[in-house]
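Peer 1: One structure, as structure tokens, below. Some questions next.
The values are calculated or read from the model by the stated rules, or taken from the named source; none is laboratory data. Not measured: the values here are computed from a predicted model. Glycine gets a Cβ as well: all are built from the backbone with ideal geometry, and neighbour counts include every protein chain shown.
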Amino acid sequence: MSNKKLPKIIKEVGFDFDWSESKVWALDFPVEEIPLSALAWHFDIPFWDFLDDNYNLAPNQVISDPVKFEIEYSRTMKADLSHPIDIMKNKDRWLILDGLHRLVKAKILGYNKVSVRKIPRTEISKIQK
């Protein structure tokens with residue numbers, strides 16, 4: 001796993017392996033639409049870093065205060081929604097491998113559905129760092 005100190009919540013909901021985004025992007029899986037609500041639990045988890053601390057910023061904080069969290073909000077609004085969100089089943093729910101900023105932008109813009117690629121757990125060995 002990463003060298004960052006992982007908070008309890010990240011250990012509870014996160015993957016137990018490190019992956020390469022470029023290896024995920026190289027996979028060939030179909031794109032489908034799912035309700036944004038299926039991934040909405042991500043909005044309350046501090047997956048992002050603020051200032052010099054790790055894993056201390058949740059997407060809902062950025063949505064609620066785009067001025068205070070201007071850098072992350074800007075990154076979010078620059079996200080390209082033409083790319084699907086890559087997700088994998090983890091601990092009985094879908095967890096994002098790549099695309100949290102896209103998901104947050106979709107929420108801000110009022111989308112009800114998002115495009116995803118469902119990556120099977122059988123692909124873990126192909127995407128690990």
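Peer 1: Quick check on this structure: which one of ASN60, ASN56 is more than 11 Å from the chain's Cα centre (by Cα) and assigned to a strand (DSSP E or B)?
Peer 2: Only one candidate qualifies: ASN56.
Peer 1: Of all residues in segment 8-61, which are of a type in the set (A, V, I, L, M), more than 15 Å from ILE85 (Cα to Cα) and at pLDDT 95 or above?
Peer 2: Hits for segment 8-61 are ILE45, LEU57, ALA58.
Peer 1: Also, I was wondering about something else. Does PHE43 qualify as being of a type in the set (Phe, Trp, Tyr), more than 23 Å from LYS8 (Cα to Cα) and not in a strand (DSSP E or B)?
Peer 2: no
Peer 1: Then there's this: State all residues of segment 11-32 that are surrounded by 14 or more Cβ atoms within 10 Å (Cβ to Cβ), touching a Leu at 6+ places or on another chain (Cβ under 8 Å) and not aliphatic (A, V, I, L, M); if no residue qualifies, say none.
Peer 2: GLY14, PHE15, TRP19
Peer 1: Turning to a different aspect of this structure: For segment 105-129, give me each residue that is loosely packed, with under 14 Cβ neighbours inside 10 Å, basic (Lys, Arg) and outside any helix (DSSP H, G or I).
Peer 2: Scanning segment 105-129 gives LYS113, LYS129.
Peer 1: Applying the selection to segment 74-129, what residues are closer than 24 Å to VAL62 by Cα and of a type in the set (Gly, Ala, Ser)?
Peer 2: Of everything in segment 74-129, those that are closer than 24 Å to VAL62 by Cα and of a type in the set (Gly, Ala, Ser) turn out to be SER74, ALA79, SER82, GLY99, ALA106, GLY110, SER115.
Peer 1: Still on this structure, I have one more. In segment 64-98, which residues are charged (D, E, K, R), surrounded by 15 or more Cβ atoms within 10 Å (Cβ to Cβ), out of contact with any Gly (no Cβ under 9 Å at 6 or more places or on another chain) and assigned to a strand (DSSP E or B)?
Peer 2: ASP98
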